[in-house]
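One structure is given here, and the rest of the page talks about it.
Quick note: the coordinates plus some simple rules give every number you see, no bench work behind them. Just so we're clear, the structure is a prediction, and the values are computed from it rather than from any experiment. No Cβ is skipped: glycine too gets one built from the backbone with ideal geometry, and neighbour counts run over all protein chains shown.
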Amino acid sequence: MKTDVQIQRHDDQTLSGVLHSPDDQPILAYALFAHCFTCTKSIKAAVYISEYLAQQGIATLRFDFLGLGRSEGDFAESNFSTGIQDTISAARYLEEHYQAPQLLVGHSFGGTVALAAAAHLSSVKAVATIGAPASPEHILKAFSDHLDRLKNEGRAVIPLAGVPFEFKQAFVDDVTAYLPDYGALKAAILVMHSPLDDTVSIDDATKIFVQAKHPKNFISLDEATHLLSGQNDAAFAADIIGHWAKRYISPIPVEVEQQPINGIRVEGRTDQAFYTVAQAGHHRFIIDEPERVGGSDKGPTPYDYLGAALGACTSMTLNMYARRKKLAVDSVSVRVEHDRIHAQDCDDCEKNDGKVDRFIRFIEIAGDLTKAQRQRMMEIADLCPVHKTLENEIKIETMPTH
């Protein structure tokens, strides 16, 4: 699904954008696509990659930089710094209307812009570049024969790929003043480049990759052109970016019913590994598994919640008892550990073979209590309703829903 959007810059000029959203699945995260130098959001690579990322659940906003495509403004007033500002404006648009972007994708000059903009966007978890120069100064090679004229006259109309563009000396000053520091980038980085790129050398990709800190990855785009105009090449790039980015983004919780429901509803998707969203009444919370077992570690495990239920119930029960008895108790802290032991190692278990689950509670009571009062509170802990439930016979019935 495509949605035309209008993005307000800090100077109230409007940037034109198109948001690609998945048609038949929840949105996992939002991304921005920054296009190549003097290109527009409608270049094939921008369209293809935005569409393919949306198919993977990553809603992607491609937009025109200042003075290009359908965006307002004078291109002659644009430079590397305005590209960063435009990207930040687009990110603010997503944050205000949907959700802040967690992924930036930049093509060629847009890749250099995306790397620079990421330093100003705390929501960004990952940045992917395609054929990006290591420095914005690389752009000057496209009109090196006109630099003296720009310096002497202050401005000049320069044809690029047969299209005339007006540049000012301020553009040259801006790109030469920027000193990239990819080692300071806090987001994960994916560098994608074609070894046959005759517009931006693969040596630029090497410079970015070497300077960047982990986590970082490099992918060769084989025989792809600089503009990534082949649909198969764009599909390959988008597929890699989508699967790579999912290691770092925090998926948007699966939509569940907003009205209070009976019991607890839990929902997950096959393409989100163990990531699950639960709803209890009008409360929602995330359940997951650690990365070492294939999860994304975005939330506690099911057994963590089970232990938390026992701990919370114990703390509630003891605090309620202390209030009723007017005991000098300030707080009750409960730590719960869970493991499985052999039944034969359990002296008071009814089961004789196999393994049994064991929960160990460590209870700390802060307050001025006598030894007898503390002993009594430890006995009261066993009266916690969840404790009783776990020790009682439990029957689970499974019913299909229609």
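General remarks:
- Pairs from the list K325/K388; K298/K355; K186/K207; K44/K298; K141/K186; K44/K246 with a Cα-Cα gap above 26 Å: K298/K355; K44/K298; K141/K186.
- If R0 equals 35 Å, the separation of the Cβ atoms of D222 and D11 corresponds to a calculated FRET efficiency of about 0.25.
- For the stretch 2-245, the fraction of C-alpha pairs more than 32 angstrom apart is 14%.
- Of all beta bridges that DSSP places with both ends in the chain, some 60 percent have antiparallel geometry.
- Stretched out straight at 0.36 nm per residue, the stretch from R155 to S333 would grow longer than its current Cα-Cα span by 57.0 nm.
- Comparing I341, I249, I130 in a Gaussian network model of the chain (Cα springs below 10 Å), the most mobile by mean-square fluctuation is I341.
- Inter-label distance for T206 and A308, nm, one decimal - labels placed 7 Å from Cα along Cα-to-Cβ: 4.9 nm
- Computed label-point distance, nm, for sites K213 and T401 using a 7 Å Cα→Cβ extension: 4.5 nm
- At an R0 of 45 angstrom, the distance between the Cβ atoms of I394 and Q99 translates into a FRET efficiency of 0.70.
- Cut-off 20 Å, label 7 Å out along Cα→Cβ of E267, residues of the stretch 96-128 by amide N: 98-99
- Cα centroid separation, the stretch 80-120 to the stretch 26-73 (Å): 11 Å
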